[in-house]
Amino acid sequence: MNIRPLHDRVVVKRLDSDEKSVGGIVLPGSAQEKPLMGEIVAAGAGRVLDNGDKAALDVKTGDKVLFGKFAGTEVKIEGADYLVMREDDLFAVVE
């Protein structure tokens, strides 16, 4: 299934979190924090400005990004979990 977000929205797949703590203790799934980094799998065409023009997004498919703990809306597509959020919810691109 192909998904195309509208306007200034992006679809992000969370990157896997570490299963061990800093001290080397293996953490069960319920004790792990959700990662705040992900990869953009789809991006919209851009934000529509007040005058009707479109402002292109600063991110593109494949970029690794940082986002807030409660950013976006979680959706499940074909068994995989994704986040749909506005570009404004992104903090940084990781290079």
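Values in this text are rule-based calculations from the coordinates and carry no lab data. If you're wondering where the values come from, they're calculated on a predicted model, not measured in any experiment. All Cβ positions, even for glycine, are placed from backbone atoms using ideal geometry, and neighbour counts span all protein chains on display.
Just rank 3, 40, fewest to most, by other beta-carbon atoms within 10 angstrom.
By the 10 Å Cβ count, ascending: 3, 40.
So how much slack lies between residue 93 and residue 53, counting 0.36 nm per residue of separation and subtracting their Cα-Cα distance, in nm?
11.9 nm
So, in nm, how far is label residue 60 from label residue 3 when the simple model puts each one 7 Å beyond its Cα toward the Cβ?
Each label point lies 7 Å from its Cα, and together they span 2.2 nm.
If you take every residue apart from residue 47 with its C-beta less than 12 Å away from the C-beta of residue 47, what net charge results, scoring Lys and Arg +1 and Asp and Glu -1?
-3
Could you tell me how many cubic angstrom of Cα convex hull volume segment 43-95 has per residue?
Taking the convex hull of the Cα positions in segment 43-95, it is 108 Å³ per residue.
Sort 67, 91 by Cβ crowding within 10 Å, fewest neighbours at the top.
Listed from fewest to most nearby Cβ atoms, that is 91, 67.
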